[in-house]
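Notes follow once the structure below has been shown.
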């Protein structure tokens, strides 16, 4: 059994991280959400549940995922760079960590169907997988644009027996998928369980998803110390909703010597609204999708249109704990644009033989920038997902620049 | 332990491909699905005991092919 897996003191009992988080939903939904909170707070202390989850982490997901010392990049940039290999998990990303937890909880609560939104399709595939494993039906809502871009993940969900329902309004990406899934959930919150795909949404989801993901940092802390005798000097993770970042960061939160860097997508142009999704760099506090956090809003206070080359980072808000950590100054948030991410995608592929998800390539790109700073020390990157889902898109749009005809 | 060679046809392998995907959430390579298909046959024999299958590869490389050729039979309708 992993030690101190769920030991973070926040949020408070109403789901607040400082002024962020909470639950801003209609009263009938609040009743259901309270039941989920009660059930979750029970099972997180239940040894039987923890044993079941730990067993699945080990034998189904393939945990612990290794840490790899990227020697070529380390030599090239003059500082030691390490990768936490969440891309090696079953289904190819960190998302399976919380999907199994959510699916087991839904099953224990007697729910019949898991529903969720997905951006790049990683959460959708992971949830469809968890649904197949525990024996629940599964409906996944996905923006029509993302369905075309991440076609292999749509096919995977179909094979796994899930239904994929396109979101056809607005920009037809992640935000619209959340709208559609939320709408469907409102229609029947009793037999369905909305398995939110990141550390976002009303309480208890930011807490629950973080708790299930925190295994990443718990492992990494022990592995890194075994490998080097020290703690890492820097942690780097990409932030869309922010689940893989909190997964890595949580276990190191009280280690003051460890600097933490969250990397947002600067898209095509961070200075133009609608051309990026750098929520904390450019946004301000507001309420959307049932919780308070930083968000990108237009003049009317409506969610702004957002864009990133990485479908999984393409979201106009961010997990409330990230908003809190930003104000606190505990985590430093930076941004990386499309071009820098694609450069890093090819650099990691060709230097280390690891094709990263475009999302994770944002973290790699920032780490390589950081590596050029004097006396920066060691850098541990959360390589949150593999790039197989992205290869066609990348080669079609950027292949030529990298010698692929 | 018993060492022997057996055959599995295409249809049986594709059946096993979907069965493993939908029962366990694991999409196997079509190659490995042959082993799964035979194991499921074997499992029906009386007193067969435990079975360890070598799930030699993942099915990501096969998904487009499988859905294009067999998807309909397994309820997958592509737009």
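Kindly indicate whether any position in the stretch A:95-112 is within 13 Å of another protein chain (Cβ to nearest Cβ) and over 26 Å from residue A:39 (Cα atoms).
No: the stretch A:95-112 contains no residue that is within 13 Å of another protein chain (Cβ to nearest Cβ) and over 26 Å from residue A:39 (Cα atoms).
Only one residue in B:76, B:53, B:63 is surrounded by 12 or more Cβ atoms within 10 Å (Cβ to Cβ) and within 12 Å of the chain's Cα centre (by Cα). Which one? Steps first, answer last, please.
Details: B:76 fails: within 12 Å of the chain's Cα centre (by Cα); B:63 fails: within 12 Å of the chain's Cα centre (by Cα).
That would be B:53, the only listed residue that is surrounded by 12 or more Cβ atoms within 10 Å (Cβ to Cβ) and within 12 Å of the chain's Cα centre (by Cα).
Helices (runs of 4 or more DSSP H) wholly in the stretch A:176-291 with at least 1 residues that are under 30 Å from residue A:136 (Cβ atoms) and out of contact with any strand residue (DSSP E or B) (no Cβ under 6 Å at 6 or more places or on another chain) - which ones? It would help to see each step written out before you state the result.
On the way: elements: A:205-213, A:215-228, A:243-249, A:279-282.
Those helices (runs of 4 or more DSSP H) span A:205-213, A:215-228, A:243-249.
Within the stretch A:206-256, work out how many residues are free of Cβ contacts under 8 Å to residues at least 24 places away in the same chain and either under 25 Å from residue A:14 (Cβ atoms) or buried (at least 24 other Cβ atoms within 10 Å of the Cβ) (or both).
Final tally of qualifying residues: 1.
Of the residues B:21, B:32, which is surrounded by 18 or more Cβ atoms within 10 Å (Cβ to Cβ), in a helix (DSSP H, G or I) and touching a helix residue (DSSP H, G or I) at 6+ places or on another chain (Cβ under 8 Å)? Spell out the reasoning first.
Working: B:32 fails: touching a helix residue (DSSP H, G or I) at 6+ places or on another chain (Cβ under 8 Å).
Residue meeting the stated conditions: B:21.
How many residues are part of a helix (DSSP H, G or I) and more than 8 Å from chain B (Cβ to nearest Cβ) if we restrict to the stretch A:148-158?
Total satisfying the criteria: 6.
Has the stretch B:47-63 got at least one residue that is free of Cβ contacts under 8 Å to residues at least 60 places away in the same chain, under 28 Å from residue A:387 (Cβ atoms), more than 14 Å from chain A (Cβ to nearest Cβ) and not in a helix (DSSP H, G or I)?
Within the stretch B:47-63, one or more residues are free of Cβ contacts under 8 Å to residues at least 60 places away in the same chain, under 28 Å from residue A:387 (Cβ atoms), more than 14 Å from chain A (Cβ to nearest Cβ) and not in a helix (DSSP H, G or I).
State whether the residues of the stretch A:70-89 include one that is out of contact with any strand residue (DSSP E or B) (no Cβ under 6 Å at 6 or more places or on another chain), surrounded by fewer than 22 Cβ atoms within 10 Å (Cβ to Cβ), at pLDDT 95 or above and within 30 Å of residue B:63 (Cβ to Cβ).
Yes: one or more hits.
May I ask you to say which residue of A:343, A:327, A:392 is within 27 Å of residue A:10 (Cβ to Cβ), part of a helix (DSSP H, G or I) and over 20 Å from the mean Cα position of the chain (by Cα)?
Checking each option against the conditions leaves just A:327.
For residue A:172, work out the one condition from (1) assigned to a helix (DSSP H, G or I); (2) more than 10 Å from chain B (Cβ to nearest Cβ); (3) free of Cβ contacts under 8 Å to residues at least 40 places away in the same chain it doesn't fulfil.
(1)
Looking at residue A:125, is it assigned to a helix (DSSP H, G or I), in contact with a helix residue (DSSP H, G or I) (Cβ under 9 Å, 6 or more places away or on another chain), farther than 30 Å from residue A:230 by Cα and at pLDDT below 95? Steps first, please.
Values: assigned to a helix (DSSP H, G or I): yes; in contact with a helix residue (DSSP H, G or I) (Cβ under 9 Å, 6 or more places away or on another chain): yes; farther than 30 Å from residue A:230 by Cα: yes; at pLDDT below 95: no.
Taking the combined requirement at face value, the residue does not satisfy it.
Taking residue B:68 and the conditions (1) surrounded by 13 or more Cβ atoms within 10 Å (Cβ to Cβ); (2) more than 9 Å from chain A (Cβ to nearest Cβ), which numbered condition does it fall short on, given that it satisfies the others?
Among (1) surrounded by 13 or more Cβ atoms within 10 Å (Cβ to Cβ); (2) more than 9 Å from chain A (Cβ to nearest Cβ), residue B:68 violates only (1).
Of the conditions (1) part of a helix (DSSP H, G or I); (2) surrounded by fewer than 24 Cβ atoms within 10 Å (Cβ to Cβ); (3) in contact with a strand residue (DSSP E or B) (Cβ under 8 Å, 6 or more places away or on another chain), residue A:161 fails just one. Which one is it?
Exception for residue A:161: condition (1).
The values are calculated or read from the model by the stated rules, or taken from the named source; none is laboratory data. For clarity, every value in this text was computed on a predicted model and none was experimentally measured. Methodologically, a virtual Cβ is constructed for each residue, glycine included, from the backbone with ideal geometry; neighbour enumeration extends over all protein chains shown.
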